[in-house]
Amino acid sequence: MTERVELGLRANARQFALLVGLNALVGGMVGLERSVLPLVGKRDFGLHSTAAILAFVVAFGAAKALTNLAAGELAERLGRKRLLVAGWLIALPVPLLIGLAPSWWFIIAANVLLGVNQGLAWSMTVVMKIDLAGPRRRGLALGLNEAAGYLGVAAAAFASGALAASYAPRTVIWAGAALIAAVGLLVSVLGVRDTGAHVAHEQDLHGDPSVRQRGLGAAFARASLRDPVLRACSQAGLVNNLNDALAWGLAPLYLAAHGASVRQIAVVAAAYPVVWGAGQLATGWLSDHTGRKPLIAAGMLVQAGALGLLVAGNGGFGDSLAAAILLGAGTALVYPTLIAAVSDASQPRDRARLVGVYRFWRDFGFVLGALIAGLGADATSPKTAIVIVAALTAASGLAVAATSWQPRPTLRPAPAP
């Protein structure tokens, strides 16, 4: 007997909740590094160049971006669950590489694998939740997903920073990563069910039968250039992650250079994703009711203001904490709303590809952000690098505001049973 397929958060509450918890683990994997890994590069490996230290962010971002792009296509061919399990398998060597690293290059290699893990595991939890939720509560579903992931980032960032005051920072990272990877793999194998049937069901109910399925090349061109809404989402996602790369790689060094303690750096590093994560519980839902464009444009401008405050505060703990909170609020407005907007503009059977292309551009922002932050800080100063990213962020928000935005598509009613 074939199990009945239904769309909606209530109808799929158990599986949805499992994926929410799993995404908190995915976020925790990367959160372990956010407080202390740049300091490990400086103190354990004797690196003096900011660009050399931030090479681990470049490696992570490039690997994650390319994996996102491939994951959208592979999800349609191989299934969501298989890629999710593969993502956790790839995470298993990360703790060993970090714990046993004789040089910084091993840390960079670990972050290549971590990027692949995030690209597969996070992408699949996102896509599977969209599949389960259906089109009516998509913003709420994505707010819950991203909130769980970034609260996981925040919790791990704070815990690793606090523990690093008493234990060796590398030990904290590899021990935490080993535990999270093992639990994530077990939950994925034993508890998660594939959502391919939900995609087919939504396509039958709400899809446009006149639109033929596109390959990855056509999806890439559409999301990058041809569709103005998707193009606006892709550039905003990229610039948003310029900010995240700066907050991850440069902010701890910037604060340490101005006399902040490891615990103070941990508080600032955790405050940003805490506000970001918790705020998405409201902003995802809000975007279902107010529309996507106002939240995205406003969020980018708020982020630009937060970076301006970080510069104006000159590395002071109080001002840096306020900037982190404001940056988290701006990102909360943007993050789930962008993915919801991309999903709105997609046919169900093309959604994984288009979301994959968007996430490619978004996470390529890690690469550009780390390069701007690292090279800019080495060539001029950390302040100058932050000002450059702030200007790009403001320009991105204005570009979204200037884009002609199509209203969300009207759903076809479901046929009577």
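The values are calculated or read from the model by the stated rules, or taken from the named source; none is laboratory data. Just so you know, these numbers come straight off a predicted model, no measurement behind them. We place every Cβ from the backbone using ideal geometry, glycine too, and count neighbours over all the protein chains shown. With ligands, DNA and RNA removed, areas are computed over all heavy atoms of the protein, side chains included. Shrake-Rupley method; radii C 1.70, N 1.55, O 1.52, S 1.80 Å.
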Computed ³J(HN,Hα) along segment 260-267: with the Karplus parameters 6.51/-1.76/1.60, θ = phi - 60°, integer Hz and x for glycine or proline, the list is 6, 7, 4, 5, 5, 4, 5, 5
With x for Gly and Pro, the residue-by-residue ³J(HN,Hα) of segment 100-107, computed from phi through the Karplus equation 6.51 cos²θ - 1.76 cosθ + 1.60 at θ = phi - 60° and given in whole Hz, is 9, 4, x, 8, 5, 4, 5, 5
Given a Förster distance of 41 Å, the FRET efficiency implied by the Cβ-Cβ spacing of residue 257 and residue 105, rounded to the nearest 0.05, works out to 0.95
FRET efficiency (residue 399, residue 82; Cβ distance; R0 45 Å; to 0.05) is 0.75
Ordering 105, 248 by the accessible surface of their heavy atoms, 1.4 Å probe, largest first, yields 105, 248
In degrees, nearest 10, the alpha-carbon axis of helix 13-34 is tilted away from the dominant principal axis of the alpha carbons of the chain by 20 degrees
With Cα coordinates, the longest principal axis of the chain makes an angle with the long axis of helix 351-379, in degrees rounded to 10, of 10 degrees
Dividing the helical contributions, -39500 (n - 2.57) per DSSP H run of n ≥ 4, by the residues of the chain yields a 222 nm value, nearest 500 deg cm²/dmol, of -26500 deg cm²/dmol
Quick calc, residue 48 & residue 136: beta-carbon distance into FRET formula, R0 41 Å, rounding 0.05, result 0.15
The pairs in 42/129; 81/293; 42/64 lying past 28 Å Cα-Cα in this model are 42/129; 81/293
Two pseudo-spin positions, 7 Å from Cα along C-beta at residue 96 and at residue 282, lie apart in nanometres by 4.6 nm
Label model pair residue 11, residue 375: point-to-point distance (7 angstrom along the Cα→beta-carbon line) in nm is 5.0 nm
Heavy-atom accessible area of residue 227, protein chains in place, probe 1.4 angstrom, given in Å² to nearest 10, is 30 Å²
Sorted by accessible surface (1.4 Å probe, heavy atoms of the protein chains only), largest first, 201, 258, 48, 289 come out as 48, 289, 258, 201
Measure of exposure for residue 34: accessible area at 1.4 Å probe, Å² rounded to 10, is 10 Å²
Expressed in square angstrom to the nearest 10, the accessible area of residue 146 with a 1.4 Å probe stands at 0 Å²
Note to self: with every protein chain in place and a 1.4 Å probe, segment 262-417 gives an accessible area per residue in Å² of 36 Å²
Quick numbers on the chain, Rg and Dmax over C-alpha atoms in Å, give 20.3, 68
Once phi for every residue in segment 153-159 is put through the Karplus expression 6.51 cos²θ - 1.76 cosθ + 1.60 (θ = phi - 60°), the whole-Hz ³J(HN,Hα) values, with Gly and Pro written as x, are 4, 5, 4, 5, 5, 5, 5
For the chain, longest principal axis from Cα atoms; helix 317-344 axis from its Cα atoms; angle between them, nearest 10 degrees, is 20 degrees
Simple spin-label estimate for residue 224/residue 289, 7 Å along Cα→Cβ, in nm, reads 3.9 nm
